[in-house]
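Asks: Take this structure first; my questions come after.
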Amino acid sequence: MNLLKSYLLPRIAQWVITVFIGITVTFIIPRLIPGDPVERTLSSLGSLQTLDPRAVESLKEALADLYGLDGTQFDQYINFWKRLFKGDLGPSLSAFPTPVIEIIAKGLPWTVGLLTTSTLISWSLGIALGTLAGYSPKRLWWQIVDKAFISIYPIPHYILALILVMVFSYYFPIFPLVGGASGKPTLSWTYISSIFEHSLLPATSLIVLSTAFRFIMAKALTTTVAGSDYVGYAETAGLSKWRIVLFYVIQNTMLPQVTDLGLSLGAVFSGALIIEIVFSYPGIGYSLYMGVFQADFNLILGITIFSIVGIATAALIVDLSYPLLDPRVRYK
Amino acid sequence: MKILKDLFKHHLAFRAGAVIVLLVFLLVSLSFFSPYEATERRVVPKNQAPSLNHILGTTALGQDVFWLLTFAIRNSLMVAGLAVLIGRSIAVLLGSFSGYMGGGVDKVLQSIVDSFIVIPRLPLLILISVIVKGGLNLWGLALLLGFLDIFWPSKRYRSQILSLREREFTYTAVFSGMNTFNIILKEHFPFFIPYLLADAVSGFLWAIGMEITLAILGLCDLTRPTIGTMIYWGNYYQALLSQRLWVLAAPVIGSIFIVVAFYLISTSLSEYLDPRTRLKRLGASQ
């Protein structure tokens with residue numbers, strides 16, 4: 001009961017605030033720019049000439065309806081929320097009249113799959129390597145690993161992904177260049193293995209990028225903990241090195257890492273979008289790229305709203321699992 | 001000055017970083033002596049491989065890659081620098097206001113800041129630049145990047161202020177009758193400024209990365225040379241498929257050198273400022 005009041009409820013309230021602020025920002029931004037948004041959207045739409053006039057009319061109506069330009073700003077705002085509650089993000093402009101939500105639903109499994117696997121791997125790998133490197137910083141081997149990660153960490157995601165594409169798909173074509181899988185989606189071994197094969201390079205880039213940050217953080221945390229009294233006593237007591245690392249060091253550096261995971265999900269997600277764009281991986285990021293390419297404003301807006309809600313929810317889940325790890329929160 | 005000398009003497013990472021940054025600034029200053037205008041096209045033969053005449057080759061638009069790179073680095077550094085200046089100034093104000101006020105104000109501000117931290121910035125950035133498409137010149141881009149990079153840093157500054165507020169010397173100053181403004185200015189800022197400098201570099205790196213990403217998507221002023229637009233035009237004219245690697249190699253390698261150099265300087269600076277390593281170093285030199 002106490003846990004609910006002192007920990008869970010504030011987190012859930014924070015989730016509500018985050019979603020509220022995020023959606024309000026996406027409502028306000030398009031209205032800050034002067035001019036009629038319907039006309040502006042239509043004029044920037046490249047595929048307009050190829051549509052027949054009736055389709056253009058219905059597109060215009062859909063847009064006016066979508067922007068909800070009737071009534072005062074406040075009425076528009078209320079209507080905006082009403083539509084979102086129904087899960088309605090409007091139709092895509094470039095693939096009219098396919099609903100935006102359908103396009104997102106198609107890309108979602110790819111993005112979620114890529115993101116969860118690579119986050120889990122990079123998180124464990126970064127903490128494991130960083131802790132070992134922080135615990136025995138004098139070893140030559142760890143110093144090399146340390147220098148490597150420090151040089152990789154600041155490189156922009158796009159640049160690193162571009163280099164990996166150039167090296168591994170072009171000069172040493174071990175990996176397929178684009179796409180998420182080959183062949184028809186069936187439950188056969190060839191299809192599943194092609195998913196795996198296609199995801200290997202994008203996932204590797206994402207893992208390399210996020211492991212570098214995790215490694216640097218884990219190493220810094222470990223350096224502090226390794227100098228503490230209880231680790232000193234454990235060493236004097238002659239406990240084995242593995243026991244010290246596992247039960248004395250990692251357990252105590254785990255909590256800030258979990259807190260940080262929740263907060264950094266937004267950044268990891270942005271990184272995943274860039275990776276998807278570079279590798280033409282058929283997830284949400286690639287849909288976003290196509291949306292930008294075809295000036296499909298509605299699709300971009302829909303993906304923005306969806307990713308704000310999605311990331312806020314994922315961060316909430318991480319936060320809610322925190323009491324499982326930290327006894328201090330549980331028994332307060 | 002003494003600090004710089006010290007750093008130079010004791011820190012390999014700082015030495016390496018400083019030399020590269022110096023070279024980068026040399027390259028940037030060369031752009032003022034360029035024989036071509038920054039936005040001029042078709043002034044040299046197209047698609048030439050690196051040679052004595054054009055040491056880094058030429059692009060499909062008839063530009064000399066070397067001189068283009070000097071402009072590109074200048075513009076990219078300018079955008080990132082301005083973004084950091086805007087973002088960090090607001091972040092410092094926000095973070096220290098929140099930290100010093102405490103109580104209800106702090107709580108409300110922090111829940112807003114936490115919200116913005118969780119919200120993924122790239123989709124928001126893309127949404128905004130799509131809306132103002134064409135209207136986003138270099139200054140607009142810097143402003144936008146600055147505004148989106150306020151919240152994480154302000155949270156870090158707030159926690160710095162909170163820890164400074166609880167230090168013993170703060171209490172000593174309060175009890176000896178120093179007023180609040182003087183405490184902030186004379187007691188806290190000397191600790192805070194170096195931390196700020198080291199931290200600003202991370203914002204700088206982020207801004208460079210985002211400039212590149214937006215340019216790849218074709219969402220900023222593509223006529224101005226920046227690291228991002230150089231890659232954009234390289235991709236546009238299929239530099240990779242037609243084996244004209246030099247067009248892409250120059251901005252890619254250049255950007256890697258820049259970010260790694262700035263990062264090395266920032267880490268060695270914060271390591272230098274960390275009181276624990278400082279004591280160790282003093283002990284070693286005596």
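Asks: Enumerate by residue number the trypsin sites (Lys or Arg not before Pro) in the range A:104-165 meeting two conditions: DSSP loop (anything except H, G, I, E, B), and at most 11 other Cβ atoms within 10 Å of the site's Cβ.
Replies: Numbers: sites: A:K106, A:K138, A:R139, A:K147; in loops: A:K138, A:R139.
Loop-located and lightly packed - A:K138.
Asks: If I histogram all Cα-Cα distances within the range B:174-271 using bins 10 Å wide from 0, what percent of pairs lands in each bin?
Replies: Going out from 0 Å in 10 Å bins, the range B:174-271 shows 14, 30, 22, 16, 10, 6, 2, 0 percent.
Asks: For a quick protection proxy, order the peptides B:119-129, B:90-100 by their average other-Cβ count within 10 Å, most packed first. Spell out each step's value before the answer.
Replies: On the way: B:119-129: 23.0, B:90-100: 20.3.
The most tightly packed comes first, giving B:119-129, B:90-100.
Asks: Fewest Cβ neighbours within 10 Å first, please rank A:D229, A:D326 accordingly. Before the final figure, lay out each step's value.
Replies: Details: A:D229 7, A:D326 15.
Result, fewest neighbours first: A:D229, A:D326.
Asks: I would also like to ask the following. When only DSSP loop residues count, what trypsin sites (Lys or Arg not before Pro) in the range B:20-72 have their Cβ near at most 12 other Cβ atoms within 10 Å?
Replies: Numbers: sites: B:R41, B:R42, B:K46; in loops: B:R41, B:R42, B:K46.
Loop-located and lightly packed - B:R42.
Asks: Net charge near A:A212, counting Lys/Arg +1 and Asp/Glu -1 over other residues with Cβ under 13 Å of its Cβ?
Replies: Values: positive: A:K147, A:R214, A:K219; negative: A:D146.
With Lys, Arg at +1 and Asp, Glu at -1, the neighbours total +2.
Asks: To check my understanding: the extent here is largest minus smallest coordinate of the Cα atoms along each principal axis. What are those three numbers for the range B:1-116, in Å, largest first?
Replies: Cα spread of the range B:1-116 along its principal axes, largest to smallest: 66, 38, 21 Å.
Asks: A follow-up question, please. Can you give me the angle between helix B:245-273 and the longest principal axis of chain B, using Cα atoms only, in degrees from 0 to 90, rounded to the nearest 10?
Replies: 10 degrees
Asks: Residues of the range B:102-120 with the amide nitrogen closer than 14 Å to a label point 7 Å from the Cα of B:F175, along Cα-to-Cβ, please.
Replies: Residues passing the 14 Å test: none.
Asks: Another question, if that's okay. Do you know the relative contact order of chain B, to the nearest whole percent, from alpha carbon pairs under 8 angstrom that are 6+ apart?
Replies: Numbers: 324 pairs, mean separation 77.7, N = 286.
Across chain B, relative contact order equals 27 percent.
Asks: Next question. Over all directions, what mean area does the Cα convex hull of the range B:116-159 project, stated in square nanometres? Could you put the intermediate results ahead of the total?
Replies: Numbers: hull surface 13.1 nm².
Computing the convex hull of the Cα atoms and averaging its projections yields 3.3 nm².
Asks: Also, quick follow-up: Could you list B:M210, A:M254, A:M290 so that the one with the fewest beta carbons within 10 Å of its beta carbon is first and the one with the most is last? Walk me through the intermediate numbers first.
Replies: Numbers: B:M210 27, A:M254 16, A:M290 20.
Going from least to most buried by this count: A:M254, A:M290, B:M210.
Asks: Given R₀ = 22 Å, FRET efficiency for B:E166-A:T259 by Cβ-Cβ distance, to 0.05?
Replies: Numbers: r = 21 Å, r/R0 = 0.93.
Result of the calculation: an efficiency of 0.60.
Asks: Once the convex hull of the C-alpha atoms of the protein assembly as shown is built, how many Å³ does it hold per residue, rounded to a whole number?
Replies: Values: hull volume 134.5 nm³, N = 618.
Per residue, the Cα convex hull of the protein assembly as shown comes to 218 Å³.
Asks: Here's a follow-up. Sort B:V84, B:V28 by Cβ crowding within 10 Å, fewest neighbours at the top.
Replies: Working: B:V84 25, B:V28 19.
Ordered by Cβ neighbours within 10 Å, fewest first: B:V28, B:V84.
Asks: I'd like the GluC sites (Glu not before Pro) in the range B:113-193 restricted to DSSP loop residues with at most 10 other Cβ atoms within 10 Å, sorted by number. Display every interim value, and only then the final one.
Replies: Values: sites: B:E166, B:E168, B:E187; in loops: B:E166.
Sites meeting the loop and neighbour criteria: B:E166.
Asks: For A:K86, which aspartates and glutamates qualify as cross-link partners when the Cα separation must be under 20 Å and same-chain residues fewer than eight apart are set aside?
Replies: A:E61, A:D65, A:D70, A:D75, A:E102
Asks: Compute the acute angle (0 to 90°) between the alpha-carbon long axis of helix B:121-131 and the principal axis of greatest extent of the alpha-carbon atoms of chain B; round to the nearest 10°.
Replies: The two axes meet at around 50 degrees.
Asks: Report the percentage of all Cα-Cα pairs in chain B whose separation exceeds 37 Å, rounded to a whole percent.
Replies: Details: 10927 of 40755 pairs.
Of all Cα-Cα pairs in chain B, 27 percent lie more than 37 Å apart.
Asks: Using only Cα atoms and rounding to the nearest 10 degrees, what angle (0 to 90) does helix B:138-148 make with the longest principal axis of chain B?
Replies: 40 degrees
Asks: Let me ask something else about it. Can you run the Rg to Rh ratio on the range A:188-332? Use alpha carbon positions and the Kirkwood inverse-distance Rh.
Replies: On the way: Rg = 20.5 Å, Rh = 18.5 Å.
When Rh is taken as the Kirkwood radius, the ratio is 1.11.
Asks: Determine the shielding of peptide A:148-157 by partner chains: average, over its residues, the number of Cβ atoms on other chains within 10 angstrom of each Cβ.
Replies: Details: counts 0, 0, 5, 5, 2, 6, 18, 8, 14, 5.
Taking the mean over all residues of the peptide, I get 6.
Asks: Here is a follow-up. Could I have the simple spin-label model distance between A:A55 and B:Q243, label points 7 Å from Cα toward Cβ, reported in nm to one decimal?
Replies: Once both label points are built, they end up 4.2 nm from each other.
No lab work stands behind these numbers, since they all come straight from the coordinates. The structure presented is a predicted model; accordingly, all values stated were derived computationally and were not measured. Quick reminder, even Gly has a Cβ in these numbers, built from the backbone with ideal geometry, and neighbours come from all protein chains shown.
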